[in-house]
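Every number here is computed from the coordinates shown, using simple stated rules; none is lab data. Only a predicted model underlies this, so the values are computations on that prediction, with no experimental measurement involved.
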Amino acid sequence: MRRWQDTGTLIYLRSELSFSEAQNVIITGKLSGGDQETKMNKLFLTKADNEIVLQKLKSRHRAQWKDSLFENSKGLLRDTLQAILYDRQRGWPYFHKNVGKGYFQFSEPIFIRNGRYALLTLIHMVGDSAGYNLLFVYKKEGADWKRYIMMPLGAW
C-alpha cells in the first residue's frame, strides 16, 4: 500500500473490508494474476483450502483496525469519512485538502496451507467513482511475505 500513496500520511478506514466481492472469485479455486513487480502467477486452491476459506468467510467478525496501524498512517472511522464525503459543502475537495489524496480499506487476511499463503482484499478510493478493488495473494518466503498474485475485482 505504501508505494501507492507516495507522499503524505497513508489514510485507511478502521473498519475491515469484507470478502464479499472476492468470494465468488476465490471459490472458483483458480487464482491468477500479476503486475509490474510479480510475474504472472497461479494458485489452484485445493478442497482443503476452499473449506478453510468458506469457514473463515462464514465466521468473520468485523475487525476494527487500530489507529496508526502503519508507520505514518491514520485510521478513519466510517462515520467520519461519511460525514465528509456525504456533505455537499465538503466532499472530496475537502477530503483532499484536509485529510489526504485518498483512502484504503482492507480485509483481515485468510491464511491457507499452514500459513504459507495469505489472501486479502483491498479498496483504494481517490474520488467520486475513482478507485479500485483488488484481491491479493501473498506467499511466505523465509521470514518475508511477498506479493504473489494481484487480481483486479473492479474499478470505478
| said: Over the Cα atoms, compute the radius of gyration (one decimal) and Dmax (the largest Cα-Cα distance, rounded to a whole number) for region 7-61, in Å. | reply: 14.7, 43
| Between Ser129 and Ala143, what length in nm is gained on full extension when 0.36 nm per residue of separation is reduced by their alpha carbon distance? | 1.2 nm
| What full-extension length gain, to one decimal in nm, is calculated for Leu77 and Trp156 as 0.36 nm per residue of separation minus the Cα-Cα distance? | 26.2 nm
| remark: The extension gain from Asn50 to Lys97, computed as 0.36 nm times the residue separation minus the Cα-Cα distance, is 12.6 nm
| message | Suppose we take every Cα in region 2-155 and form the convex hull; what volume per residue is that in Å³? | response | 125
| task | Enter the Cα centre distance for the pair region 109-156 and region 36-76, rounded to the nearest angstrom. | result | 7
| note | Longest principal axis of the chain (C-alpha) makes with the long axis of helix 47-58 (C-alpha) an angle, in degrees to the nearest 10, of 30
| request: Would you kindly derive the ³J(HN,Hα) couplings of region 132-143 from the backbone phi angles with the Karplus curve 6.51 cos²θ - 1.76 cosθ + 1.60 (θ = phi - 60°), listing them in order in whole Hz, with x for Gly and Pro? | output: 8, 10, 10, 10, 10, 10, 10, 10, 7, 10, x, 8
